[in-house]
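The values are calculated or read from the model by the stated rules, or taken from the named source; none is laboratory data. Quantities reported herein were computed from a predicted structural model and do not represent experimental measurements. Backbone-built Cβ (ideal geometry, glycine too); neighbour counts: all protein chains shown.
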Amino acid sequence: MKKLSDPLNLRHGRPLPNRLVLAPMTNQQSEPDGTLSDNELAWLLARAEGGFGLLQTAAAYVNPAGQVWHGQLGISSDAHLPGLERLAAAVTAVGARSSVQLHHGGVRAEKALSSQDVVGPWDDAQTGVRGMTTGEVQRAIEDFAEAAARAEKAGIDGIEVHGGHGYLVGQFLDASNNLRTDGYGSNPTGRARFVKEVVHAIRERTGPDFHVGLRLSVERYGLVLEDMVQLVGELFASGDIDILDLSLWDVEKLPANAPEGSQTLLEHFLNLPRHRTVLGVAGHIASAEAVQRVLDQGADLAYIGKAAIADHAFAHQAIADPGYHAPAFPVTREHLRVEKLGEPFVSYFETNWPHLVEG
Ligand SMILES: Cc1cc2nc3c(=O)[nH]c(=O)nc-3n(C[C@H](O)[C@H](O)[C@H](O)COP(=O)(O)O)c2cc1C
């Protein structure tokens, strides 16, 4: 039986000290130029000190044209290096591992934040975003690879490509909207090409001590579940990724419209041969028992989001006490401040999850 405290070897990169990962969480605490702020470092470091084996940063833009949020972390230029170096050193000093989430908003990028042309896989009538040329698609793959190389240079242990939640990488997988006819759309093979080329380019550009992760959604956002199962099987076999992180929002969720008693979303992926890629899952994991349940089902890692907002020491507590449950929401603003969320993060959380903040 796998235990929460079991270390985990990765095909590339340093082993993870345990099975608990801080899920990537946008917190709008970066400096206006995308460099890491003291607030953001304090938020992440508290979770490293709280026992998480792997600290995933918030989504960080690989190109300013892909920026979605004010105060978003950046990894698009060498000006971002000193902050990332600080993060890597601080996390390493407490024995944890770090990973930067690489992100590009595509059609959902915020025009007001960018001096460049905002582009995506298709001409988007709603936002006025222009469809990328094939050259721009290849340039975007390069942006991800350069960002990963920058993370490695800063001493970060790995990256996670943000292929979930309908941003650029996920937009290429969107069967309803990605009708590109240049080999990067129109059918399952074409739609999968961008993400495969991104992780392959990153693998080629980084060394054996650096891990490559990928986050995927598996339904909504125009995704076809059967195509996602096929894609994940191919990614496992490719050897290009070391960690797959399935963002399910609820690890027990059934596919949309599936009758009661059907396989859960997660179960669709558990029996695929992994070829030494490890599998992580995120969504409503808020207790030691819930972590143990996904490990018992066959996952290798549990990604903890909101429960790690409520308790920076979730990992230590869950490892020490099988009966541990994170503090229940709603919590007060004061609770969030004590848990090392700076004011911009408190406001972002309250705006987007108003029912989780009291008063
Ligand atoms: C405040 C907040 C910010 C988030 N930002 C990101 C993000 O930058 N990238 C991402 O992939 N997911 C993001 N998510 C999703 C989480 O990583 C996680 O998958 C989700 O919250 C479900 O896990 P949970 O139920 O443990 O919170 C965010 C979630 C929250 C609550």
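Total residues in the range 286-305 satisfying the condition of being over 17 Å from Glu267 (Cβ atoms), touching a helix residue (DSSP H, G or I) at 6+ places or on another chain (Cβ under 7 Å) and either at pLDDT below 95 or in a helix (DSSP H, G or I) (or both): the figure is 2.
When residues in the range 341-359 are screened for being assigned to a loop (DSSP other than H, G, I, E, B) and either more than 14 Å from the ligand (Cβ to nearest atom) or aliphatic (A, V, I, L, M) (or both), 3 of them pass. Number of residues in the range 148-183 that are touching a strand residue (DSSP E or B) at 6+ places or on another chain (Cβ under 9 Å), β-branched (Val, Ile, Thr) and either surrounded by fewer than 24 Cβ atoms within 10 Å (Cβ to Cβ) or part of a loop (DSSP other than H, G, I, E, B) (or both) equals 1. Can you tell me which residues in the range 280-297 are buried (at least 22 other Cβ atoms within 10 Å of the Cβ) and closer than 17 Å to Leu16 by Cβ? Listed by number, the residues that qualify are Gly280, Val281, Ala282, Ile285, Val291, Val294. Residues of the range 202-220 include none that is out of contact with any Asp or Glu (no Cβ under 6 Å at 6 or more places or on another chain) and aromatic (Phe, Trp, Tyr).
Check whether at least one residue in the range 4-21 is surrounded by 24 or more Cβ atoms within 10 Å (Cβ to Cβ), within 18 Å of the chain's Cα centre (by Cα), within 14 Å of the ligand (Cβ to nearest atom) and on the phi < 0 side of the Ramachandran plot, and report yes or no. Yes - at least one qualifying residue is present in the range 4-21. Taking every residue in the range 184-203 that is outside any helix (DSSP H, G or I) and pairing it with any residue that is basic (Lys, Arg) and buried (at least 24 other Cβ atoms within 10 Å of the Cβ), at least 6 positions away or on another chain, the pairs with Cβ-Cβ distances below 6 Å are Gly185/Arg191. Within the range 306-340, the set of residues being assigned to a loop (DSSP other than H, G, I, E, B), within 13 Å of the ligand (Cβ to nearest atom) and in contact with a Phe, Trp or Tyr (Cβ under 7 Å, 6 or more places away or on another chain) comprises just one member, Ala326. Restricting Ala60, Ala90 to those that are of a type outside the set (Val, Ile, Thr), outside any loop (DSSP other than H, G, I, E, B) and touching a Gly at 6+ places or on another chain (Cβ under 7 Å) reduces the list to Ala60. Listed by first and then second residue, the pairs with beta-carbon distance under 6 Å, at least 6 apart or on different chains, first residue in the range 252-278 and touching a residue at least 12 places away in the same chain (Cβ under 8 Å), second part of a loop (DSSP other than H, G, I, E, B) and hydroxyl-bearing (Ser, Thr, Tyr), are Glu252/Thr264. Can you tell me which residue within the range 204-230, out of those that are polar (S, T, N, Q) and part of a loop (DSSP other than H, G, I, E, B), is nearest to Asp174 (Cα to Cα)? Looking at residues that are polar (S, T, N, Q) and part of a loop (DSSP other than H, G, I, E, B), I get Ser217.
Apart from one condition, Arg47 fits all of (1) assigned to a loop (DSSP other than H, G, I, E, B); (2) over 30 Å from Ser115 (Cα atoms); (3) within 13 Å of the ligand (Cβ to nearest atom); the exception is (1). Residue-level check: of (1) among the aliphatic types (A, V, I, L, M); (2) away from the ligand (no atom under 15 Å from the Cβ); (3) closer than 30 Å to Ala318 by Cβ; (4) under 17 Å from the mean Cα position of the chain (by Cα), Ala145 misses just (3). Residues that are charged (D, E, K, R) and either in contact with a Phe, Trp or Tyr (Cβ under 9 Å, 6 or more places away or on another chain) or assigned to a loop (DSSP other than H, G, I, E, B) (or both) within the range 231-258 comprise Asp240, Asp242, Asp245, Asp250, Glu252, Lys253, listed in sequence order.
Selection of the range 226-252 for residues being out of contact with any helix residue (DSSP H, G or I) (no Cβ under 6 Å at 6 or more places or on another chain), over 13 Å from Leu216 (Cβ atoms) and of a type outside the set (A, V, I, L, M) yields Glu226, Ser238, Gly239, Asp242, Asp250, Glu252. Quick one: would you say Leu54 is crowded, with 24+ Cβ neighbours inside 10 Å and closer than 23 Å to Gly163 by Cα? When the stated conditions are applied, Leu54 passes them. Every condition in (1) among the basic types (Lys, Arg); (2) within 16 Å of the ligand (Cβ to nearest atom); (3) surrounded by fewer than 24 Cβ atoms within 10 Å (Cβ to Cβ) holds for Arg215 except the one numbered (3).
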